[in-house]
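First up is the structure itself, then whatever we jot down about it.
The values are calculated or read from the model by the stated rules, or taken from the named source; none is laboratory data. Just so you know, these numbers come straight off a predicted model, no measurement behind them. Don't worry about glycine lacking a Cβ; one is built from the backbone with ideal geometry, like all the others, and counts go over all protein chains shown. Protein only, heavy atoms only, side chains kept; ligands, DNA and RNA dropped before computing areas. Shrake-Rupley method; radii C 1.70, N 1.55, O 1.52, S 1.80 Å.
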Amino acid sequence: MTWSREDMCKRAARELGDGNYVNLGIGIPTMVANYIPSHVNFTLQSENGMLGMGPFPTKEQVDPDLINAGKQTITELPDSSYFDSATSFAMIRGGHIDLAILGALQVSMHGDIANWMVPGKMVKGMGGAMDLVAGVKKVVVIMEHNAKDGAAKLVKECSLPLTGKKVVNIVITELGVFDVGPSGLSLIEIAPGINVDEIKNRTEAPFDVKVS
Amino acid sequence: MNKVFKDADTALKGLLFNGMTVMSGGFGLCGIPEHCIRALRDSGVKGITWIANNCGTDDFGSGILLHTRQIKKMVASYVGENKTFEKQFLSGELEVEFNPQGTLAERIRAGGSGIPAFYTKTGVGTVIADGKETKEFDGSTYIMETALRADLAIVKAWKGDKAGNLIYRKTARNFNPMMAMAGKITVVEVEQLVEIGELDSNDIHTPGIFVQRIFQGDHFEKRIEFMTTKDNPTGRNPV
């Protein structure tokens, strides 16, 4: 059985260390916050200018001056702080953020990531993605193992325009978990009931198997 | 010298010309100078190079200037949520320069700080690096990014005094402080304009030296792009 989105989020949550400052991408990565064990203290950074992002507000608490990077209304926590965009990206580019979790269209065996544009389709811009992958200490990708048309997303070389080169550390898909090392990819965990051959058939990049 | 004006029209008077470069604060629709944007639309000034993180929605924020085709070129990091943009971009009518968000913020900060260029790791090995000078520092490659300045910066703050000292509120701060520094002329709209001495000097985010003109907006609409709540976490409008 493949892992569900919830399983993938739970697995990604295990990458958080106690006391970590974390930036979660828009979409599924945002959901990871719901699965972090209660004994792990962490602080969420929102690149539009906030540390200590709180949960969604009640209707009465909604404040148009308080949004996250996905432009959704949120709340503050007792230890929250606000700052300008240059300071926010000083945190990101200056290596002060411990972990970023984001989605991807393709990841290469060298840790290159493509997640901001598809040529010929509408380009919306990279937002903070290029800064995050270049500056954050550990970059974790959560993505479907294959594209909708079945094409491999874990590839030898990305064919789509890159967001960053040699920046990804961990890739979590519904089939397993991959570590990106200097010599390439290693499969370190497999979803229950999935075998290595199936993963090989659905993966373009070569990988070592180091499942303990 | 008096910095206080009565509204956006009078504050922008004499500052606008076709082909000018304008920086506009805000992230999405949060913390945007909505009065100044409307006044720019009404002025009819054309051929604007518009530097802002986003481009608003179809009918609010910078989006209203796309509607009237007053923007010739956008310098931005992310422009989803806008159909008008999409149409003009795909038809080639609108020129767009995408910047990584941190690079955009730093280019503006540098512009206001007398730093003509800087090196960053962001974008190395991507299309962003095309045609840019690279340099090695401690074994890593960096690309050179140049500073941004503007003929006019329009900025939104929460409170300001008559000397132009500003305080922003929550995440409505975003790009506003750097843009205030990088405008040759900076025009600020505030929700509350107070007398000198009423703001605690310890709390000032933007010192008045960066502000040439200031006015109190008469009505801030403060639209919300995605109203997410505990009961409606997806933010989709309930039927």
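Chains A and B together bury roughly 3900 Å² of accessible surface, counting both sides and using a 1.4 Å probe on protein heavy atoms. Looking at the square roots a ≥ b ≥ c of the eigenvalues of the Cα gyration tensor of region B:142-192, which shape do they give, rounded for a/c under 1.5, prolate if a/b is larger than b/c, or oblate? Oblate is the answer for region B:142-192, as a/c is 1.5 or above yet b/c matches or exceeds a/b. Note on A:Lys138: aspartates and glutamates with a C-alpha under 17 Å away, same-chain residues under 8 apart excluded, are A:Glu15, A:Asp18, A:Glu47, A:Asp98, A:Asp112, A:Asp179. Both numbers refer to the Cα atoms of region A:113-171; Rg and Dmax are 11.8, 33 Å. Along its principal axes, region B:83-179 has C-alpha extents of 48, 42, 26 angstrom, given from the largest down. In region A:37-82, carbon and sulfur make up what percent of the accessible area (probe 1.4 Å)? Using a 1.4 Å probe with all protein chains present, region A:37-82 comes out at 54 percent carbon and sulfur.
Helices in chain B, meaning DSSP H runs of at least 4 residues, each add -39500 (n - 2.57). Divided by all residues, the mean residue ellipticity at 222 nm is -5500 deg cm²/dmol.
With semi-axes defined as the square roots of five times the eigenvalues of the C-alpha gyration tensor, the equivalent ellipsoid of the protein assembly as shown measures 40, 23, 20 Å, largest first. Normalised per residue, the accessible area of chain A is 42 Å², obtained with a 1.4 Å probe and no contribution from ligands, DNA or RNA. Over region B:5-44, accessible surface divided per residue gives 36 Å², non-protein components excluded, 1.4 Å probe. Residue by residue along A:159-170, Cβ atoms of other protein chains within 10 Å of the local Cβ number 3 on average.
Each principal axis of the Cα cloud of region B:1-132 was taken in turn, and the coordinate range along them, longest first, works out to 48, 40, 27 Å.
Here region B:33-106 has 49 percent of its accessible surface on carbon and sulfur atoms, given a 1.4 Å probe and all protein chains in place. For the residue pairs A:Lys166/B:Lys170; A:Lys10/A:Lys210; A:Lys121/B:Lys156; A:Lys10/B:Lys222, the alpha carbons lie more than 30 Å apart in A:Lys166/B:Lys170; A:Lys121/B:Lys156; A:Lys10/B:Lys222.
Treating region A:126-211 as a set of equal point scatterers at the Cα positions, no solvent, please give the Debye-formula log₁₀ I(q)/I(0) at q = 0.21 Å⁻¹. For region A:126-211 at q = 0.21 Å⁻¹, log10 I(q)/I(0) is -1.08.
Put A:Leu77, A:Leu175 in order of accessible area, largest first, 1.4 Å probe: what do you get? If you can, show how the numbers build up before the last one.
Working: A:Leu77 70, A:Leu175 0 Å².
Result, largest first: A:Leu77, A:Leu175.
Rounded if a/c is under 1.5, else prolate if a/b beats b/c, else oblate: with a ≥ b ≥ c from the C-alpha gyration tensor eigenvalues square-rooted, which is region A:50-115? Cα axes put region A:50-115 in the prolate bin. With a Cα-only, solvent-free Debye model of chain A, what are the log10 I(q)/I(0) values at q = 0.07, 0.10, 0.18 Å⁻¹? Debye intensities relative to I(0), on a log10 scale: -0.21, -0.44, -1.31.
A viscosity of 1.002 mPa s and a temperature of 20 °C, combined with the Kirkwood radius over Cα pairs in Stokes-Einstein, give a translational diffusion coefficient for region A:1-66 of 163 µm²/s.
In this structure region B:136-239 gives 48 Å² per residue of accessible area when probed at 1.4 Å with all protein chains present.
Can you pull the Kirkwood radius for region B:63-108, inverse mean 1/r over Cα pairs, to one decimal in Å?
Result for region B:63-108 stands at 11.1 Å.
Only bridges whose two residues both fall in region B:141-239 count here: according to DSSP, what percent of them are antiparallel, nearest 5?
Roughly 20 percent of the DSSP beta bridges within region B:141-239 come out antiparallel.
Can you check what the Kirkwood hydrodynamic radius comes to for region B:1-45, Cα pairs only, in Å to one decimal? Mean inverse Cα-Cα distance, inverted, gives 11.7 Å.
Is chain B rounded, prolate or oblate when judged by the Cα gyration tensor, a ≥ b ≥ c being the square roots of its eigenvalues, rounded requiring a/c under 1.5 and prolate requiring a/b larger than b/c? Verdict is rounded for chain B.
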